[in-house]
1. Out of R93, R65, report the one residue that is more than 16 Å from the ligand (Cβ to nearest atom) and within 27 Å of T209 (Cβ to Cβ).
2. May I ask you to verify whether V136 is within 16 Å of the ligand (Cβ to nearest atom), at pLDDT 95 or above and surrounded by 15 or more Cβ atoms within 10 Å (Cβ to Cβ)?
3. Working carefully through the options V30, V46, find the one that is more than 13 Å from the ligand (Cβ to nearest atom) and either in contact (Cβ under 8 Å) with a residue 12 or more places away in the chain or more than 20 Å from L173 (Cα to Cα) (or both).
4. Where in segment 1-112 are there strands (runs of 3 or more DSSP E), lying fully within it, with 1 or more residues that are under 21 Å from A162 (Cβ atoms) and open to solvent by 30 Å² or more (accessible area, probe 1.4 Å)?
5. Considering only segment 141-188, state which residues are over 17 Å from the mean Cα position of the chain (by Cα) and open to solvent by 60 Å² or more (accessible area, probe 1.4 Å).
Amino acid sequence: MPCIRQGGTNRKVVRMVELKNVSVHYKEGVDALSDVNLRIEDGEFVFIVGDSGAGKSTLLKLITREIVPTQGRVFVNGYNLTNIKKNKIPYFRRSVGMIFQDFRLIPDLNVYDNVAFVMRVTGQTKRAIRHRVPYVLDLVKLTDRAKAYPDKLSGGEMQRVAIARAFASDPGLIIADEPTANIDPALSYDIVKLLKEINKCGTTVIMVTHEHSLVEYFGGRIISLKSGEIVFDDVVGGAGEDE
Ligand code: ADP
């Protein structure tokens, strides 16, 4: 399927994720991250792995500006998140698409409206919505389920709706927090393949996962966290074909 970018050639291209000497010390005395340096370039696809408690959620919360570091600086999509003004945070958040393990669809909206809703609340025109929603539903192969409500969908379908929703506003960055955790393992590969397809359209994708088999299959850049530190950051070959 061809990539259709929503913002055309006028998109702001200062997009990347950079953490400089970042530490997060929670009040209760835990050092969740210690002196982390990390740069993810525009257009990369990165897996973040690590045991429970390693610091993965803390890293994602920094990147989405849910928390600020105790020390160091965080830059995402051209915003300095360490000193961003409060009234700019909603604009920053629109440049990031989020995908969660529990899907977070709106139960009383059908598939089409779940995707359209986020575009409506961010002020997109009706015309843009009419063009974009069918395109993203086609991308995730859910055109024939557009009128279905979430309670009639499988886990895999719900996550595909969530991917369509995250991509609808054409964000520079998509963050997927264990997107395959509640999905039939056989369908997990399709979810990652979809994220890879979106990544090929130029969107940076950061995916946290516990599933070693997925990481081994797809390969690519893998960042491994342990006790708040990056213990591995390299590109590895995948055992499966990188489609
Ligand atoms: P992961 O996502 O890899 O499981 P987290 O980032 O959630 O790791 O947690 C890293 C460390 O920080 C853990 O020791 C965890 O207990 C601690 N932690 C996480 N959130 C908080 C919090 N809000 N308050 C105190 N400690 C926290």
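1. Answer to the selection: R93.
2. no
3. Answer to the check: V46.
4. 96-99
5. Across segment 141-188, the qualifying residues are K141, T143, D144, R145, K147, Y149, D151, K152, D184, P185, A186, L187.
The values are calculated or read from the model by the stated rules, or taken from the named source; none is laboratory data. Quick caveat: nothing in here was measured; it's all calculated off a predicted structure. Methodologically, a virtual Cβ is constructed for each residue, glycine included, from the backbone with ideal geometry; neighbour enumeration extends over all protein chains shown. Accessible surface areas use protein heavy atoms only, side chains included; no ligands, DNA or RNA. Shrake-Rupley method; radii C 1.70, N 1.55, O 1.52, S 1.80 Å.
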